[in-house]
Every structure is written in C-alpha cells, then in structure tokens.
1. Filter the stretch 124-133 down to residues that are more than 19 Å from Gly105 (Cα to Cα) and open to solvent by less than 10 Å² (accessible area, probe 1.4 Å), then give me how many there are.
2. Assuming Asp228 fulfils every condition listed in (1) open to solvent by 10 Å² or more (accessible area, probe 1.4 Å); (2) closer than 16 Å to Thr326 by Cα; (3) charged (D, E, K, R) apart from one, which condition is it?
3. Let me spell it out: the conditions are (1) under 30 Å from Pro463 (Cβ atoms); (2) of a type outside the set (A, V, I, L, M); (3) in contact (Cβ under 8 Å) with a residue 60 or more places away in the chain, and Pro245 meets all of them except one. Which number is the exception?
4. Please work out which one of (1) in contact (Cβ under 8 Å) with a residue 40 or more places away in the chain; (2) of a type outside the set (A, V, I, L, M, F, W, C); (3) farther than 22 Å from Ala410 by Cβ; (4) buried (at least 17 other Cβ atoms within 10 Å of the Cβ) is the condition Arg51 fails and give its number.
5. With (1) at pLDDT 95 or above; (2) assigned to a helix (DSSP H, G or I); (3) under 30 Å from Ile419 (Cα atoms) as the list, and Leu226 as the residue in question, which single condition is left unmet?
6. On the basis of being within 27 Å of the chain's Cα centre (by Cα) and either farther than 21 Å from Glu163 by Cβ or acidic (Asp, Glu) (or both), does Pro115 make the cut?
7. Quick one: would you say Arg136 is surrounded by fewer than 19 Cβ atoms within 10 Å (Cβ to Cβ) and touching a residue at least 40 places away in the same chain (Cβ under 8 Å)?
8. On the basis of being among the charged types (D, E, K, R), farther than 30 Å from Gly277 by Cβ, within 17 Å of the chain's Cα centre (by Cα) and at pLDDT below 95, does Arg429 make the cut?
Amino acid sequence: MSTIILFGATGDLSRRMLLPSLFGLDADSLLPANLAIIGTALHEVEDASFRNMVREAITPLAIERRLEPRVVDQFLGRLSYVAVDASDPSTFSRLGQAATPRSGGGIAIFLSTAPSLFETTIQGLDQAGLAGEHTRLALEKPLGQDLASSRKINDAVALLFPEDRTFRIDHYLGKETVQNLLALRFGNLMFEPLWNAQGVDHVQITVAETVGLEGRTSYFDGMGSLRDMVQNHMLQLLALVAMEPPAHFAADAVRDEKVKVLRSLRAIDVVTESVTGQYGAGAIAGTPVTGYSDELGRASEAETFVALKAHVDNWRWQGVPFYLRTGKRLPARLSEIVIQFRTVPHSIFSGRGAELAANRLIISLQPDENIRLAIMTKQPGLDHEGIRLREIELDVRDTNAFADVRRRIAYERLLSDLIAGESTLFVRRDEVEAQWHWIDAIRRGWREHDVSPKLYAAGTWGPTAAIAMTEREGVSWHD
C-alpha cells in the first residue's frame, strides 16, 4: 500500500479520529515507509494550511506520548491536499494525478461523505483511474436509511469494488475490548459450557450518551436512535456475543457466524418489546440542559432513546432475552455488555442466612475498556451463627501485565487492517442487509401501531416504560 486518500479530510471525524490514528500508527513505525496520505474535501486548501490543521489535531497526542518534534514532522511530510467536489465526477482528475505516481503499491480510499454522494464519488474515482484492482474502498456509516437505500448504495459500490475490496466500517469493532470478547469466549474453556440458554439468564447491551445533537441536527433528526445506534453498533455487539465458534479466525469464517445470528433475530412485538423516548429538559451532573425539541428549534417525532427486548431463535439462545438500550442525554456516558448468568440450582448456604447473587460478566467499552466478572465470596470474619457472603468483581484489566501497551484509538486498528487488506473487523454486505431487514420491521411496526416517543427528563435513564419492560420479567437494568 503506497497511498491512502481521506475524503472529508477537513471534517470532524478526520480531525478527531482518522488523522490522529494515522499519526499514532506512524509514530509506532506501523505505516509503510513510502505511504502518502492525501486529504480531500470540497474547499480549496493549500498543502501548508492542511498540514497546520493536522498539526493542531495531533499535537495533544504528541504531547501525551512525549514524542519528539521530528516524529510530528515526519508524519506531516506524508500529507498533501487536493480539493474535489464529490458531487461532480469531472473534478476528480487532479486527485487521480496526485495518487497515480504512487499507485503501484496500491491505494486505500476512506470515504466519509454523505451517502447521497457515494454514487457520484465512485464514478469520479473510476474516471480518475482510482477504482482498479489495487484499490480498496472503506465506507463510513450511514450506509442508507433502510434496506432499499442500503442496497442502492451497495449496488453502486459493487459495480467497481467487489466485496473483497470493500471495507464497511463499524468503529466499535476496532475497540480492544470488543476484540477481547472473542478471545474471552474462544480462548478460555471455562466460559463456553455456560455460554448458552442453560447457563445465561439474559444479556444486556447498553450504549448511553450524555450529549444531545452536537452539530448532527439534520442527520440525527432524520435517523433517530434506532437507525443511528441499534442498526449498526448494537447489532454488531449482539452478533459477537451470540455467534457460534467459527472454524478459524478468518474474515469470512467470523462474518459467516455473525450473519447466522442476525438472520435468527425474531421479529419484535413493538407494543410489548420496544420503548421509544425523547428527552425533555433536565440536568446532567448538575448542569441544566434543554429538551430535544427546544434544542432542535421545532417539534419532532425522532426518538432519542430506544429499549428493545430481542430474541435469537436458535438452539444456543432459545428463550434468552437480549435487552438493548441506547439514548441521548442519559446520566452517564457508558457502553457495556452484561452477561447475566443463571443462579446456582441449589444454595447450600440458605439455611445459614446467606443470600446468593447470580454471576455477571461485565464487558465495558467506554468510557473505560475493561472486563469484570462478578462472583460470590465469603466475607472475612468469624461467623458462628451463619455465613456472610458478598459479591466481588474480578478485574481483567491488569495494569501491570499490560503497562507497556498503549490503548489505541479504535480507528488505528481499522486503518491498519485496511492498509493490510485484513477484513475480519469490517462488515460484509449480507450483515448490513440482515441488520436493516430487522430494523425496518421495527419501524414498520411502530407506524402500524402508532408508537411515538415517550418524554423523559434529561439526566434520567429514559422513559419509565423501559424499566417496566424488563421488570415484568424480574430483570433490572445494570446501571
């Protein structure tokens, strides 16, 4: 790989994630020595101005890692900028000229533009000679608004980029703890015998945000939380939790098993198994915040909160509910998976006054990446008339064992894999379509049953109906 082209290079994603990630890889000598990085966006920008923008973006990381100025200068030396109007294929010729001299080693293109521009962008890449067999295309979400629009995008991509050269990004899959989930499940004998309906009572997946619209007004209001978070991130996490062991750790073997899970999702009864909400005025960490409609400036039916009770209809998971919950303006920024195991079949301690809590495996993705196992243990002391037990958590995060290993931005792994052509952590087309098929059915059910978002105060865990949905089954959300 000799060239990587970043569309939307002056945008928020590029400045916060992509360019710092590439810089992190370069600082660790993990980029090809001759790799050129070409940024492109609509507006004309001089190379020097682009490099100054990038310098500002990567300086905090350089300071944090105490890197020498030459490391920063080395990275900036890789950069150049070419203005392109993604809506006009004829403007791509300059981009083709800039990339062609180094294209012998292959080109990776990271496409972070509005979905409406995908088709014309691909046409422009083709006209500029940048869609050949040595080019890989990475696509940032959203990939459509429903199954039909997703298929249209994927059909346009497939005309020039076959599946083995198409890399659909879900940045959650680049997180260290998500990958560690596979190691935990398939690298340890103790979990697999319990990782099924006989050992697991239920699974909870939560992605909570404290922020509101944050400059994403037009996008989010047109999508809502179901399509913004559940359709991609949360269903990918569910698939990794529920998948069967693949024959080997390779791209298609892993993704084949995920597709089986997604196709096994039972259609949801939207009346009893879904809750939607929209935040109103409230406070987060003592700071007052306005409601969604006030923040938007008009009334809206977009949901900022979704809770679902899902089922995977196969032998391993029959009867095990998967509770999914995501929302904005919740009390904490939190992404986690909780595997709630069943209680022991018989407690030998009940006659001595001790109470048992079922074991839980808590996989935290943010704000900290960690894995904890909650188990029962005896509380130290002399217990002549009984025995006192308490729950403690075994913490997998061993700061001593991994003290010399830097926690990477998720995009570092994904960009590294894109350059290397490793597609295991990218999403295949049939996965995307299976996800949309399930999501479309939920949205159709909401329309048919006139389900509308329930108001919840900012700083709370969503509508009370979300709590009632789980408590009917004797389950409490893990907050």
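1. Residues of the stretch 124-133 more than 19 Å from Gly105 (Cα to Cα): 124, 127.
Narrowing the set further to residues that are open to solvent by less than 10 Å² (accessible area, probe 1.4 Å) leaves 124.
Residues in the stretch 124-133 being more than 19 Å from Gly105 (Cα to Cα) and open to solvent by less than 10 Å² (accessible area, probe 1.4 Å): 1 in total.
2. Against the list (1) open to solvent by 10 Å² or more (accessible area, probe 1.4 Å); (2) closer than 16 Å to Thr326 by Cα; (3) charged (D, E, K, R), Asp228 comes up short only on (1).
3. (1)
4. For Arg51, the exception is condition (1).
5. Leu226 satisfies every listed condition except (3).
6. In short, no.
7. no
8. no
The values are calculated or read from the model by the stated rules, or taken from the named source; none is laboratory data. Just so you know, these numbers come straight off a predicted model, no measurement behind them. So basically every Cβ, Gly included, is an ideal-geometry build from the backbone, and we count neighbours across all protein chains shown. With ligands, DNA and RNA removed, areas are computed over all heavy atoms of the protein, side chains included. Shrake-Rupley method; radii C 1.70, N 1.55, O 1.52, S 1.80 Å.
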